[in-house]
């Protein structure tokens, strides 16, 4: 992939204004954070990598490229937007909460994770600044933070959505939950057990099988007279591939529907895997006008096609910056009132980890698409 070499220097000082043509309205400050690793790429003014870009900068660059293209084209009615891009891996960003340069922000948009994520969440809470966490699918143990918005839904939300699907469509079918040993697998199993148990009663009859090293333990639970719905309860690559391969070999004998975890689309690209269903907060067939706008601008700037991170960066600006301009005083009360869809349907809801709490622990996108992967092709089911 080709990039303009000057883009690295550009990010250090980038500040963009999306503004109304009259230019006499209030200005809102938006901070956009992504891991660009500029301190690692430069020794003083010397760029260490000649005319290439190190792989570890790629995700941050792609996200920011999408952000830039959106800022270049967005029109804001009756407001000025001053957007500044920050390198979340900069030494200057190590004390985000106490740094005065971040205190006047009206909105934070971030494609960050781990320490950067928790630091921005702390800043959001301390300064009452809405923080749009675009890409990190984790609450990181954060609680009582009503200014945190998670767009890339957590694993618990995915399990809840799959459980709802089973309740709606598969109440009389043979449902088997397949798992293996591991802390993450135990967490997934616990989510399903929690959702399935209401008022001391199980909503669905669901068998759990720890297949370990013997996939035939699962085969023994199948019923040749019914639809067998197998839920693969692991995010492990080998587990997903072994299970999908086994189901493929059993299809002539059993009627099977395989449902996997939200990352299974990364693993099942071969022709000898069973079709699998999975949930995702994002689905974009890239046939709409906004996609065409991004693709055309990206081709002109970088002679390449945008990655999914570029789409997410672009969308985060078009949706939430416009929302800020429309509802600057009570932004958090209007999270689902963006004027129109860009790529994704969002359904952002407060999450109360303690049902007795009066303060949301965070807000989360609960809209999940049901997708199907078959022979490497992904299609939307609902």
Considering each of 185, 194, 189, 181 in turn, give the residue that is farther than 21 Å from residue 371 by Cα and loosely packed, with under 13 Cβ neighbours inside 10 Å.
181
Specify the residue that is modelled with the lowest pLDDT; the eligible residues are those in segment 335-352 that are surrounded by fewer than 16 Cβ atoms within 10 Å (Cβ to Cβ) and either out of contact with any strand residue (DSSP E or B) (no Cβ under 9 Å at 6 or more places or on another chain) or not assigned by TED's automatic domain parsing to the domain that holds residue 82 (or both).
339
Looking across segment 174-200 at residues that are assigned to a strand (DSSP E or B) and in contact (Cβ under 8 Å) with a residue 40 or more places away in the chain, the single one that is farthest from the chain's Cα centre (by Cα) is 174
Could you run through segment 291-305 and say how many residues are touching a helix residue (DSSP H, G or I) at 6+ places or on another chain (Cβ under 9 Å) and assigned to a helix (DSSP H, G or I)?
7
Here the residues within segment 361-382 that are within 20 Å of the chain's Cα centre (by Cα), farther than 19 Å from residue 311 by Cβ and assigned to a loop (DSSP other than H, G, I, E, B) are 361, 366, 381, 382
Per the filter on segment 128-142, residues closer than 20 Å to residue 29 by Cα and touching a strand residue (DSSP E or B) at 6+ places or on another chain (Cβ under 9 Å) are 129, 130, 131, 132, 133, 134
Just one of 161, 119 is within 22 Å of the chain's Cα centre (by Cα) and assigned by TED's automatic domain parsing to the domain that holds residue 32; which is it?
119
Would you mind stating whether residue 28 is in the same structural domain as residue 299 (by TED's automatic domain parsing), touching a helix residue (DSSP H, G or I) at 6+ places or on another chain (Cβ under 8 Å) and modelled with pLDDT under 85?
no
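Give the number of residues within segment 306-334 that are part of a helix (DSSP H, G or I), crowded, with 18+ Cβ neighbours inside 10 Å and touching a helix residue (DSSP H, G or I) at 6+ places or on another chain (Cβ under 9 Å).
The total comes to 15.
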Note on residue 321: of the conditions (1) in contact with a strand residue (DSSP E or B) (Cβ under 8 Å, 6 or more places away or on another chain); (2) not assigned by TED's automatic domain parsing to the domain that holds residue 144, unmet is (2)
Sort out which residues of segment 201-241 are farther than 22 Å from residue 161 by Cα, out of contact with any strand residue (DSSP E or B) (no Cβ under 9 Å at 6 or more places or on another chain), touching a residue at least 12 places away in the same chain (Cβ under 8 Å) and assigned to a helix (DSSP H, G or I), and write them in order of number.
219, 241
Count of segment 242-281 residues which are part of a helix (DSSP H, G or I), free of Cβ contacts under 8 Å to residues at least 60 places away in the same chain and within 29 Å of residue 343 (Cβ to Cβ)
2
Residue hits (segment 268-297; crowded, with 20+ Cβ neighbours inside 10 Å, modelled with pLDDT under 95 and under 23 Å from the mean Cα position of the chain (by Cα)) are 268
Flag for residue 67 being outside any strand (DSSP E or B), modelled with pLDDT of 75 or more and more than 24 Å from residue 306 (Cβ to Cβ):
no
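The values are calculated or read from the model by the stated rules, or taken from the named source; none is laboratory data. What you see is a predicted model; the values in this text were computed from it and never measured. Cβ sites come from the backbone with ideal geometry, for glycine too, and all protein chains shown count toward neighbours.
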